[in-house]
Amino acid sequence: MTTHYEAAAGQAARKEKLAKILEQQGTGLMLGGIMATDMRIAKGAYRGGCRIFEPNHPAMALQMGLRGATTMNEAESIRHLVPLERMTTAVEGLRATLGDDIFITCAARGAFTEEQVVPFTQEDALRIACAGADCLHTHKSNIEDVRQIAEYAHNAGLLCEAYISAYDTFGVQAPTDESLLQAIRDYEDAGVDLLGLCTGMIYQGQSATGFSDECMHRFELFLNNTHVVKVLEGGIKPGNIGAVKKIGFDILVMSTALDNILQDTTADTVENLLAL
């Protein structure tokens with residue numbers, strides 16, 4: 001690479017932008033799903049105060065109706081088929097519609113643990129950066145994959161966001177206290193800028209249950225030992241977000257719960273219109 005100065009400057013500017021958002025909001029809200037892939041809905045979220053958006057390829061698969069998928073769980077097996085161009089277009093749309101003050105963290109095929117082998121490349125990272133993203137949103141299950149993508153992100157002037165899981169493939173699996181602490185060290189050594197903890201309730205939306213004592217213990221251990229921006233994903237919904245905010249994470253991720261609300265509201269509205 002011959003762009004070390006530009007890449008470092010890009011990272012610094014994006015870190016500063018995110019820090020400013022978190023300073024203003026206390027706890028940031030990261031919205032994915034339809035909130036980050038439909039510009040009309042994204043504009044409404046922006047008007048409501050959201051400044052962190054996560055366009056991702058499973059949500060884009062649903063927007064496309066790819067192979068008939070209608071839920072995020074169904075999208076898991078086919079999300080790797082979403083062309084990178086669909087994600088760069090979403091990033092460009094968010095940036096053009098909402099301006100420069102929003103923070104965009106983008107996921108694309110190969111940035112998650114996919115059902116098919118799909119490489120994520122340096123060129124992919126550069127194209128996402130040129131589209132206007134600030135960060136790569138990743139869910140890889142191997143620390144060496146995370147290390148490689150973090151390098152690609154930083155070479156493109158982007159930040160890198162990655163996750164730790166317990167038993168699923170939304171991050172490196174670390175079910176015990178010892179493995180969780182080791183995973184945190186490994187991720188930070190890999191250069192991850194935003195580190196998230198998955199609760200095991202990703203894509204459950206409004207049906208997600210409360211957080212167990214085991215979850216609360218993992219939250220505390222994670223928060224006390226992580227030194228970068230701390231993110232929580234999975235099981236967060238309007239009914240519990242007030243309590244979750246008090247736990248101490250920097251950013252909370254919501255997608256499916258809000259998608260569920262929008263679908264239910266639309267169904268009720270149309271039913272009422274037909275009944276008039």
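The values are calculated or read from the model by the stated rules, or taken from the named source; none is laboratory data. Just so you know, these numbers come straight off a predicted model, no measurement behind them. Cβ coordinates were reconstructed from backbone atoms using ideal geometry, including for glycine residues, and neighbour counts include every protein chain displayed. For the accessible areas, the whole protein counts, side chains as well, though only heavy atoms, and no ligand, DNA or RNA atoms are used. Shrake-Rupley method; radii C 1.70, N 1.55, O 1.52, S 1.80 Å.
Structure notes:
- Just one of the listed residues (LEU158, LEU136) is aliphatic (A, V, I, L, M) and under 20 Å from PHE249 (Cα atoms), and it is LEU136.
- Matching option when the condition is closer than 21 Å to LEU126 by Cβ and assigned to a helix (DSSP H, G or I), among ARG67, ARG86, ARG109: ARG86
- The lone criterion from (1) touching a Lys or Arg at 6+ places or on another chain (Cβ under 7 Å); (2) open to solvent by less than 10 Å² (accessible area, probe 1.4 Å) left unmet by THR97 is number (2).
- Residue check, THR176 β-branched (Val, Ile, Thr), modelled with pLDDT of 95 or more and either surrounded by fewer than 21 Cβ atoms within 10 Å (Cβ to Cβ) or over 15 Å from the mean Cα position of the chain (by Cα) (or both): yes
- Number of residues in region 215-267 that are open to solvent by less than 50 Å² (accessible area, probe 1.4 Å), assigned to a helix (DSSP H, G or I) and either closer than 26 Å to THR169 by Cβ or in contact with a Cys (Cβ under 9 Å, 6 or more places away or on another chain) (or both) equals 13.
- Residue in region 16-23 that is in contact with a Pro (Cβ under 8 Å, 6 or more places away or on another chain) and either open to solvent by less than 50 Å² (accessible area, probe 1.4 Å) or within 18 Å of MET254 (Cβ to Cβ) (or both) present: no
- All positions within region 30-51 that are part of a loop (DSSP other than H, G, I, E, B) and either more than 18 Å from ALA69 (Cα to Cα) or hydrophobic (A, V, I, L, M, F, W, C) (or both): GLY48, GLY49, CYS50, ARG51
- Condition met for GLU92 (free of Cβ contacts under 8 Å to residues at least 24 places away in the same chain and either open to solvent by 40 Å² or more (accessible area, probe 1.4 Å) or at positive phi (or both)): no
- Some residue of region 184-196 being touching a residue at least 60 places away in the same chain (Cβ under 8 Å) and either open to solvent by less than 60 Å² (accessible area, probe 1.4 Å) or not aliphatic (A, V, I, L, M) (or both): yes
- Residue selected from region 46-89 under the condition touching a residue at least 60 places away in the same chain (Cβ under 8 Å) and of a type in the set (Val, Ile, Thr), by the criterion surrounded by the most Cβ atoms within 10 Å (Cβ to Cβ): ILE52
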